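Below: one structure, written as structure tokens.
Just so you know, all these numbers are worked out from the coordinates, no wet-lab data involved. Being a predicted model, the structure only gives us computed values, none of them experimental. Cβ placement follows ideal geometry from the backbone for every residue including glycine, while neighbour counts extend to all protein chains displayed.
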Amino acid sequence: MSLARLHKEPLSNLPYYEERVDLAAAFRWTARLNMHEAVANHFSLSVNEDGTKFLMNPNQVHFSRIKASDLLLIDANDPETLSGPNAPDPTAWGLHGAIHRNVPHARCAMHVHSIHATVLASLADSTLPPVDQNSAMFFNRHVVDANYGGLAFEEEGERCSQLLTDPKVKVMVMGNHGVMVIGDTVADTFNRMFYFERAAETYIKALWTGRPLRTLSDEIAEKTAREMDDYPGQAERHLAELKAILDEEEPVYRN
């Protein structure tokens, strides 16, 4: 019997166990990629039909230490959420609570201040042009919030959530802040977050050269984005491979 299996069995009665494992894996791999920020930033995953109950990381715990059992179960419609003994970070509640109340298709939401996405968010024009295959994935599929209003407490969170109501838009470049990525599952959302950061890195480094960019036409960019939208199984395999590595190297994430 594998070590991962030994860790999994005693806690299999945890509610939403498999969802917790996927989310814990995403936290740990985000830390390995250095896309986290100290003990800030948050991921959430809806677990009920209308999306208003969701799992989220506990307040100010490092991504690299998060386990399946650590995740909070939160009701986006409960006004007493911040008064409980295991209250989430207030900015996490403001931003993720608003998204899960107002954007039912956002089953999973991942917010980071990863370096290259945040550099992009700091530019006067924070749109990501289709300069390569990765950036073409996001053509007509990201929105820029140009009205940063401070920390994402409830009022700011409500405002930001309104920018994600178009189901085609899966990434919000939060001007002067970072990036919010949404998706159908942990695998779908993590894969999109990974590729957005990679695409932003390519674009920023291309700008460093000071040379003219070779930008794809709108027609080819949209064609590429559609092809990537329909590409079968990659996100699921990506997360499965990361979990397989974690099962070998740090299976405690499943606890």
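Numbers below:
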item: Which listed pairs, of Lys205/Lys243; Lys53/Lys170; Lys168/Lys243; Lys53/Lys168, have C-alpha distances above 25 Å, in listed order; result: Lys205/Lys243; Lys168/Lys243
item: Protection proxy ranking, peptides 112-120, 218-226, average beta carbon neighbours within 10 Å, highest first; result: 112-120, 218-226
item: Extension gain from Ser217 to Leu82, taking 0.36 nm per residue of separation minus the Cα-Cα distance; result: 43.8 nm
item: Alpha-carbon Debye profile of segment 191-232, log10 I(q)/I(0) at 0.21, 0.26, 0.27 Å⁻¹; result: -0.85, -1.01, -1.02
item: Descending Cα extents along the principal axes, segment 24-63, whole Å; result: 33, 18, 12
item: Top positive-direction residue, dipole computed over segment 3-254 with Cβ charges, set Met228, Asn86, Gly97; result: Met228
item: CD proxy at 222 nm, helix term only [per DSSP H run n ≥ 4: -39500 (n - 2.57); per residue of the chain; nearest 500]; result: -13000 deg cm²/dmol
item: Average Cα contact separation per residue, the chain, under 8 Å, 6 or more apart, as relative contact order %; result: 24
item: Length added when fully stretched, Arg226-Arg65, from 0.36 nm per residue minus Cα-Cα; result: 54.3 nm
item: Additional length obtainable on full extension of the chain from Asn13 to Glu248, 0.36 nm per residue less Cα span; result: 82.3 nm
item: For segment 107-255, size of Cβ-based charge dipole, Lys and Arg +1, Asp and Glu -1, in debye; result: 360
item: Placed amide H near Asp78: partners under 5 Å, 5+ positions off or other chain; result: none
item: Mean-position separation - Cα centroids, segment 191-229 and segment 41-75, in angstrom; result: 30
item: Computed magnitude of the charge dipole of segment 3-254 (debye, nearest 20; Cβ of K, R +1, Cβ of D, E -1); result: 600
item: Correct choice for Kirkwood radius over Cα pairs in Å that was computed from the model, options (1) 18.6; (2) 20.7; (3) 19.8; result: (1)
